[in-house]
Structure formats: structure tokens, C-alpha cells
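*Asks:* Pasting a structure here, questions to come.
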Amino acid sequence: MRILVITRSYPAAGDLYKYPFVHRRVVAYSAAGHEVRVFRPAPAECSDRVFDGVSCRSGGTEALIELVGQWPPDVIAVHGFAETMWDYVAPVVAETPVRAWLHGSEIPEFMRQKALVVSEEDRPQALRQVRERCDFWSRLLADPPPLLKLVFVSRTSVELARKDWGVALRDRDFSVIPNPIDTELFEYREKRAADVFNVLLIRPFDSHTYANDLAVAAVQKLLQSPESGRFRFTIIGDGPLFEKTLNPLAGHPQVVISRRFLRQQEIAEMHRRNGLFLVPTRLDTQGVSRDEAMSSGLVPVTNGVEAVLEFVDDECAAIAPPGDSDRLAGHILEMAERPQLFLDRSRAAASRIRADRSNALLIPRELALLEEAVRG
């Protein structure tokens, strides 16, 4: 097939955390023998760049129409589909089948819940965006394009969508396929008992929904524990909340803080050096970075919000109640005191990903979905 991937974001050398899960798909589709091109809508002039061997064109509606005219795709896969994307997609959706992935912020209820944890200063704008998103979906679902179908990454995200869309979201109009995890890149290597004391956090610092403040509070508690001298914490990321959030840990000799983004190969290398992945959350639809760490054999230490409980359990993860940093720290201390629990969870985490979220399982499902769209 000729697959045109239209994506709201795509990784670049200076911004590696922009939809890396879309890049992994592009690589996998190409490896399966399909022709794939990537387009990122942008109001600026048309431009081309290459990331990790993949060409990505950015531009406006005219640039997209020109690309489709020169290279007519069999099917279009859209990531980040909402009103901001519609003006670009509308001219081509009438003639080419489209499968549109919704990862979180495309869903009004997700945005509504996210607006509850932003600052009071930013909340009015966040709520305006929610209203605009609601208006867009009301118009679209009232008269949906016949060649457009939606793809959700979890049952949780479907239920979030139904809070606004109700019966307008018919079962035949969507599929549910989790984001696939590259288990070859994020290779499992058996952990040692001592790895439980090496704790890794790799996150953006641009939203309170990531709950990095809970991670900091948990680390502070661990540094005050009787086992404190054995722990080593590595924190990597960037964003407008970075300095403020991490200030309480700055300068501590057992905490290494690195303000940068990592290529996925570098993330896999960091996985090999650590045993626990500290990944609290207030709101999610899946948790790709958690699943990549699990694939490498790290035990995720997270919060039991609904989307998390859809994908992990106590056998492969340490799950604290929502908003609870004390239990995050408590779970880490429990595994430090019971190394066999840590080792069992590590093996179970890697097995769980290979059982239901690996590329080997889900890329064929995605390609079958796209092939079905082509056949009509």
C-alpha cells in the first residue's frame, strides 16, 4: 500500500518527544514493505526534513493537495485528528479512505479533565479549547464523511469520548488498537536484585497531568528513608515546568537531573541501566513511555487512574492510588525490601507487553485496518 501519514507532530532533532510513537509506526510500516510518506500540517511555507531516515514534509493545505496529486495514497492515517487538522484533511477525505487515531487531547472530555489541573490563569483558555473541540465533533458526527473511521488506543478513551458523543459514536465507526511497542528496540534484559535501587524518570514537563510533582514528593520521601543511601535517581526531560518542579531535588548527590530530550535508542540504553520506572500520572489514555519501559523489564511505579488499570496490574507494576505520592514511595521501599517481588514484576512486565502490545501483534492489526479501508 501507499500510506500517507498525516500527523499533528513528528520528532525532530531538537524536539524528540513529539509523537515518537507515530515514528515507530512509520518505521514498522516501511519494514513490512509498504510505501509511507509523512506530512505535518503547518501554516508556514512548505519544508522538508529528515528524522532517523524518514522524510517529513510540513506545509499548508496547498502543500498537502500537491503531495496527494503527485503521490496519490491508497489510504491516509491521521494522528492528532481534531478541528485544527480538519481544514487540511477535508479536501482529500472525500476521495481517499482515512483512519484517524485519537490519542487523548482530541477527545473533549480528556481536555476537560486536563483543564481542571492547569493553573487558574490558563484555565479560561483551556475551557475555550474544550468548547471549540466539542463544537467540531458535534458538526462532524452529525454528518460523518463515509470514508472516515476513528481509531482509539484504549477502551478508556472510548468511554471518555462517549461522555460527549453518546450514541453518535457507533461501534461500527471506530476500532480500538493500543499503541504498539517496539520490543526489539526496547529489548528485555533480565534485571538483577540491585537494580531496584536505580530509579528512572523520563517525562515531558509541560503539563500537570504528568504528575511529576508526585514523583518529586516520592523521591523526597525515599531520600529520608533508612534505605536512602542505596538509591540513585535519574530524571530526564524538559518543558516550562522543569525547573520549578525539580527545584526541591536540585544539587542532591543521589539525584542526577538532565534537562534534555532523548532519542528512542538513548531511552532504551537508559532502560538497561535502571530497574524501576517512576511514572506517576493524573490523566492518560494508555501510557506509551511506561509500556516501553516495561518492554525493557523495568517495573513501572504509577497511579491507578482508569487508563493505567486497563493495561497493568499488581503482577507487573506497583500501583498507588491516584494523587498518592506516599504510596509511590512505599511501593518502591517494598520492592527494595522484597527483591524477589521486584524481579517477578520485572519479568511479568516484559511478558505482558509481548503478550498484548508488541509490534509483532499490533502492527499487523493496524495494517489490516488500513488494507480493509482500501478495499472499502
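The values are calculated or read from the model by the stated rules, or taken from the named source; none is laboratory data. If you're wondering where the values come from, they're calculated on a predicted model, not measured in any experiment. Cβ: placed from backbone, ideal geometry, glycine included. Neighbour counts: every protein chain shown. Ligands, DNA and RNA are excluded from the accessible area calculation, which covers all protein heavy atoms including side chains. Shrake-Rupley method; radii C 1.70, N 1.55, O 1.52, S 1.80 Å.
*Asks:* Please state the charge dipole magnitude for the range 151-256, taken about the Cα centre, from unit charges on C-beta atoms (+1 on K and R, -1 on D and E), reported in debye and rounded to the nearest 20. Walk me through the intermediate numbers first.
*Replies:* On the way: 13 positive and 14 negative charges, 61 e Å.
With Lys and Arg at +1 and Asp and Glu at -1, about 300 debye.
*Asks:* How high is the relative contact order of the range 225-345? Use alpha-carbon pairs under 8 Å, at least six apart in sequence, and give a whole percent. List each step's numbers first, then the result.
*Replies:* Details: 138 pairs, mean separation 21.3, N = 121.
18 percent.
*Asks:* Can you pull the accessible area of LEU67 for me, 1.4 Å probe, Å² to the nearest 10?
*Replies:* So the heavy atoms of LEU67 present about 10 Å² to solvent.
*Asks:* What percentages make up the Cα-Cα pair-distance distribution of the range 257-376 when the bins are 5 Å wide from 0?
*Replies:* 2, 11, 18, 21, 19, 14, 7, 4, 3, 1, 1, 0
*Asks:* Hey, any idea what the orientation-averaged projected area of the convex hull of the chain's Cα atoms comes to, in nm²?
*Replies:* Over all viewing directions, the chain projects a mean Cα-hull area of 17.9 nm².
*Asks:* I would also like to ask the following. Quick one: accessible surface of ARG282, probe radius 1.4 Å, all protein chains present, in square angstrom to the nearest 10.
*Replies:* 80
*Asks:* Round to the nearest 10 and report in Å² the accessible area of ASP344, as given by a 1.4 Å probe over the protein chains' heavy atoms.
*Replies:* 70
*Asks:* Can I ask one more? Cα axis of helix 20-31 to longest principal axis of the chain: angle in degrees, 0 to 90, nearest 10?
*Replies:* Roughly 60 degrees, rounded to the nearest 10.
*Asks:* Would you list which lysines come within 17 Å of LYS114, measuring only between C-alpha atoms, while excluding same-chain residues fewer than 8 positions from it?
*Replies:* LYS163
*Asks:* Among the aspartates and glutamates, select those whose C-alpha is under 18 Å from the C-alpha of LYS221, and discard any that sit fewer than 8 residues away in the same chain.
*Replies:* Counting by Cα, and skipping residues close in sequence, LYS221 has these aspartates and glutamates nearby: ASP213, ASP324, ASP326, GLU334, GLU337.
*Asks:* A further question on this structure: Taking only Cα atoms, what is the 0 to 90° angle, nearest 10, from helix 325-337's long axis to the longest principal axis of the chain?
*Replies:* 60
*Asks:* Mind checking the angle between helix 212-222 and the chain's longest principal axis? C-alpha axes, 0 to 90 degrees, to the nearest 10.
*Replies:* In the chain, helix 212-222 runs at an angle near 10 degrees to the longest axis.
*Asks:* Classify the range 117-181: rounded, prolate or oblate, from the alpha-carbon gyration tensor (a ≥ b ≥ c, eigenvalue square roots; a/c under 1.5 rounded; otherwise prolate if a/b is larger than b/c)?
*Replies:* Oblate.
*Asks:* Another one. Distances over 11 Å make up what percent of all Cα-Cα pairs in the range 161-200?
*Replies:* Tail of the P(r) past 11 Å holds 79 percent of the pairs.
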